[in-house]
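Down below is the structure, laid out as structure tokens.
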Amino acid sequence: MRVTFLGTGTSQGVPVIGCTCEVCQSLDFRDKRFRTSIHIEINNQSFVVDTGPDFRQQMLRERIKRIDAILFTHAHRDHTAGLDDVRAYNYMQEMDMPVYGTQPVLEQLQVEYAYAFAKEYYPGIPRLTLNQIDGKTFPVNGVPVTPLPVMHFKLPVLGFRIGNFSYITDANFIPDETMEKLRGTEILVLNALQRTEHISHFNLQQALAMADQIQATQTYLTHISHKLGMHADVTKELPDNVALAFDGLQISSS
Ligand SMILES: [Zn+2]
Ligand SMILES: [Zn+2]
Ligand SMILES: [Zn+2]
């Protein structure tokens, strides 16, 4: 199984429009962060988790020629705003795109992309097949995916575990039942927004405490704000088994 970080930035991305801080002006490519998303390749399948506003650029950068399914963590715009561009895959693959999400997420997609679900078919619209999921493990083309329910302030969000890879973005609380589901995970991806506390995301200190509790072999931090600091500087502060993710980073997992 191979995972590519398509984007590792918070909702505004990094650099932030108009910002002149040192992170936003950094020349280090690791300080340029598209909105958070990953690409998963497993058993000749190609999955994307979330389609934020940078989806098109991410597909072009990573030269992703096929998508078999899209999994949604939640319906915030920084995770859904690029969905219209699945049209490219509708055309190439000559099929509707299977989308997986909880009932509230699927409802929100039908509001935001009402034209894609209109009774009267208009040529050229994105074509989506909605698959409702809940807390239970579900198969995507034969690959078992285990949802990891977490809280994002008051909003329930799903992380996903496939094999020994676990992915949690947009959370500031992991309930005990989900901690059980994380047991034995080798690779953990966790959100770490900034240094100061935040109402709906783990900050760096909280993410490190969670990583220490979950004890994955390797933890990667994502959904990063310009307020966290320069990639190179923050990296020096982290324990050996924790790293900041960056756009384009590829990792292997079992
Ligand atoms: Zn987000
Ligand atoms: Zn900045
Ligand atoms: Zn969110």
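The values are calculated or read from the model by the stated rules, or taken from the named source; none is laboratory data. What you see is a predicted model; the values in this text were computed from it and never measured. Cβ atoms come from the backbone with ideal geometry, glycine included; neighbour counts cover every protein chain shown. Side chains included, ligands, DNA and RNA excluded: accessible areas come from the protein's heavy atoms. Shrake-Rupley method; radii C 1.70, N 1.55, O 1.52, S 1.80 Å.
Return the residue satisfying two criteria in turn: it lies in segment 123-169 and is out of contact with any Lys or Arg (no Cβ under 6 Å at 6 or more places or on another chain) and among the polar types (S, T, N, Q), and of such residues it is nearest to T36 (Cα to Cα).
So, considering only residues that are out of contact with any Lys or Arg (no Cβ under 6 Å at 6 or more places or on another chain) and among the polar types (S, T, N, Q), the one nearest to T36 (Cα to Cα) is T169.
Filter segment 135-156 for residues that are within 17 Å of the chain's Cα centre (by Cα) and either modelled with pLDDT under 95 or of a type in the set (S, T, Y) (or both) and give the result.
T146
I need the full set of residues from segment 164-180 which are assigned to a strand (DSSP E or B) and either open to solvent by less than 10 Å² (accessible area, probe 1.4 Å) or within 16 Å of ligand 2 (Cβ to nearest atom) (or both), in order please.
F165, S166, Y167, I168
Give me the pairs, please: first residue somewhere in segment 1-27 and over 15 Å from L228 (Cβ atoms) and within 14 Å of ligand 2 (Cβ to nearest atom), second residue anywhere and modelled with pLDDT under 95 and not in a loop (DSSP other than H, G, I, E, B), beta-carbon distance under 7 Å, and either six or more positions apart or on two chains.
Close Cβ pairs (under 7 Å, with a partner that is modelled with pLDDT under 95 and not in a loop (DSSP other than H, G, I, E, B)) do not exist here.
If the requirement is being within 16 Å of ligand 3 (Cβ to nearest atom) and open to solvent by less than 10 Å² (accessible area, probe 1.4 Å), which of these qualifies: T10, T4, T73, T102?
Details: T10 fails: open to solvent by less than 10 Å² (accessible area, probe 1.4 Å); T4 fails: within 16 Å of ligand 3 (Cβ to nearest atom); T102 fails: open to solvent by less than 10 Å² (accessible area, probe 1.4 Å).
The unique qualifying residue is T73.
Name, by its number, the condition in (1) within 20 Å of P149 (Cβ to Cβ); (2) within 16 Å of ligand 1 (Cβ to nearest atom) that does not hold for A69.
For A69, the exception is condition (2).
What single numbered condition from (1) without any contact (Cβ under 8 Å) to a residue 40 or more places away in the chain; (2) away from ligand 3 (no atom under 16 Å from the Cβ); (3) aliphatic (A, V, I, L, M) fails to hold for I40?
Single failed check for I40: (1).
Being modelled with pLDDT under 95 and either closer than 29 Å to L182 by Cα or of a type in the set (G, A, S) (or both) is the filter here; which residues of segment 95-133 pass it?
Hits for segment 95-133 are A118, G124.
Of all helices (runs of 4 or more DSSP H) completely enclosed by segment 43-132, which ones contain at least 3 residues that are more than 20 Å from V189 (Cβ to Cβ)?
Counting at least 3 such residues, we get 55-61, 87-93, 103-112.
Just one of (1) over 19 Å from R56 (Cβ atoms); (2) without any contact (Cβ under 8 Å) to a residue 60 or more places away in the chain trips up N141, so point out which.
Against the list (1) over 19 Å from R56 (Cβ atoms); (2) without any contact (Cβ under 8 Å) to a residue 60 or more places away in the chain, N141 comes up short only on (2).
Note down all Cβ pairs under 8 Å where the first residue falls in segment 223-252 and is part of a helix (DSSP H, G or I), the second is of a type in the set (V, I, T) and within 16 Å of ligand 1 (Cβ to nearest atom), and they're at least six residues apart or on different chains.
Note: pairs meeting the criteria are H226/V14; H226/V16.
Hey, among R161, R183, R195, which residue is among the charged types (D, E, K, R), without any contact (Cβ under 8 Å) to a residue 60 or more places away in the chain and within 16 Å of ligand 2 (Cβ to nearest atom)?
Result: R195 is the single residue among R161, R183, R195 that is among the charged types (D, E, K, R), without any contact (Cβ under 8 Å) to a residue 60 or more places away in the chain and within 16 Å of ligand 2 (Cβ to nearest atom).
So how many residues does segment 162-213 have that are under 17 Å from the mean Cα position of the chain (by Cα), away from ligand 1 (no atom under 16 Å from the Cβ) and among the polar types (S, T, N, Q)?
Residues flagged as under 17 Å from the mean Cα position of the chain (by Cα), away from ligand 1 (no atom under 16 Å from the Cβ) and among the polar types (S, T, N, Q) within segment 162-213 amount to 2.
Kindly indicate the residue of segment 197-212 that is over 15 Å from E237 (Cα atoms) and in contact with a Leu (Cβ under 9 Å, 6 or more places away or on another chain) and also surrounded by the most Cβ atoms within 10 Å (Cβ to Cβ) among those meeting that condition.
Step by step, filter segment 197-212, then rank; the result is F202.
Do you know which of the residues in segment 129-161 that are crowded, with 20+ Cβ neighbours inside 10 Å and closer than 18 Å to Q45 by Cα is nearest to ligand 1 (Cβ to nearest atom)?
Checking each candidate, the answer is F160.
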